[in-house]
1. Output the residues belonging to region 128-166 that are more than 24 Å from Gln71 (Cα to Cα), among the β-branched types (Val, Ile, Thr) and under 17 Å from the mean Cα position of the chain (by Cα).
2. Select from region 95-109 the residues that are touching a Phe, Trp or Tyr at 6+ places or on another chain (Cβ under 8 Å) and not aliphatic (A, V, I, L, M) and write down the one among them that is surrounded by the fewest Cβ atoms within 10 Å (Cβ to Cβ).
3. Looking only at residues that are among the hydroxyl-bearing types (Ser, Thr, Tyr) and assigned to a loop (DSSP other than H, G, I, E, B) in region 195-235, which one is nearest to Gly134 (Cα to Cα)?
4. Restricting the search to region 123-170, which residues are more than 18 Å from Pro103 (Cβ to Cβ), surrounded by 17 or more Cβ atoms within 10 Å (Cβ to Cβ) and not β-branched (Val, Ile, Thr)?
5. Would you be able to tell me the number of residues in region 160-184 that are closer than 14 Å to Val196 by Cβ and touching a Pro at 6+ places or on another chain (Cβ under 6 Å)?
6. When the residues of region 180-194 are narrowed to those that are part of a helix (DSSP H, G or I) and touching a Lys or Arg at 6+ places or on another chain (Cβ under 9 Å), which ends up surrounded by the fewest Cβ atoms within 10 Å (Cβ to Cβ)?
7. I'd like to verify a number: residues in region 82-115 that are under 14 Å from Leu72 (Cβ atoms), hydrophobic (A, V, I, L, M, F, W, C) and either outside any helix (DSSP H, G or I) or under 9 Å from the mean Cα position of the chain (by Cα) (or both), how many?
8. Please determine whether any residue of region 137-148 is modelled with pLDDT of 95 or more and either closer than 16 Å to Asp58 by Cα or in a strand (DSSP E or B) (or both).
Amino acid sequence: MRARTNTKPLYVTPSIISMLGYIRTMNKIIPTILVKTKDELMERRTLLKQHFPLAQLDVGDGKFVPNRTLQLDNIKRSKLQYEVHLMVKDVLINIKKALKLHPYSITFHYEACRSDAEALTLINFIKKRKIRPGLAINPQTSIKRIKDFRKHVDRILIMGVHPGFSGQKLLSTTYAKIKGLRKGNRKLNIQVDGGVNETNIEKLHKAGANLFCVGHYLSGDDIAERYKLLKRMVK
């Protein structure tokens, strides 16, 4: 006789359904969180979770980028899931700290690595923890440097501005980088971060980007309307 097991039915909540649907969407608008204090984090998170299941958490160390944000030691897991964007010199230490947040993805900068071998080791470290790895490049870095990593990562993040500060204007060289990266790579997630708004998101989409990190533009009382506008522009 087979022994009975005490198994409980899996209850999938509406929030989980919403998250699954959001993650499977090909084109995504991802709000960003770039803050210096816990109070700023709470305020931004409270605003975003009314409209989004997921946000990009930007972490700057004041070394790799001049701006020092609220550090991962001071951030706890939230119902608003995070994609963690590490703008730091000590990548591995911060990856380990980010894991406690159970993030959807962890992206670090190619320029923070001493070699391609180190970058690949970090990518594999993230993968083994069942987290999606991403590799970011700054405006001055050629896409030729990271083309061989495309098959190893969930996404390539193209910085449209010099990282560290919100509210900057998108650099015009961003479009050509996205086009070059997309060429021959239909399945690759290409994320663009910095200066994204209603004046350029359509052009960025046509260039080949499918993940759009938006900070300054998605703020204020009309955030819901702005989000709807951006979604319509990348359909």
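1. Val153
2. Applying the filter and picking the extreme gives Tyr104.
3. Going through region 195-235, the residues among the hydroxyl-bearing types (Ser, Thr, Tyr) turn out to be 199, 217, 219, 227.
The next check asks that each one be assigned to a loop (DSSP other than H, G, I, E, B); those that pass are 199, 217, 219.
Numbers: Thr199: 26, Tyr217: 23, Ser219: 25 Å.
Filtering first and then ranking leaves Tyr217.
4. Passing the criteria: Asn138, Phe149, Arg150, Met159, Gly160, Pro163, Gly164, Ser166, Leu170.
5. Residues flagged as closer than 14 Å to Val196 by Cβ and touching a Pro at 6+ places or on another chain (Cβ under 6 Å) within region 160-184 amount to 1.
6. First pass over region 180-194, keeping only residues part of a helix (DSSP H, G or I): 180-182.
Next, from what is left, pick out any that are touching a Lys or Arg at 6+ places or on another chain (Cβ under 9 Å): 180-181.
Working: Gly180: 17, Leu181: 21.
Step by step, filter region 180-194, then rank; the result is Gly180.
7. 6
8. Yes, there is a match, as at least one residue in region 137-148 is modelled with pLDDT of 95 or more and either closer than 16 Å to Asp58 by Cα or in a strand (DSSP E or B) (or both).
The values are calculated or read from the model by the stated rules, or taken from the named source; none is laboratory data. This structure is a prediction, so every number in the text was calculated from the model and none was measured. Note: ideal-geometry Cβ built from the backbone for every residue, glycine included; neighbour counts use all protein chains shown.
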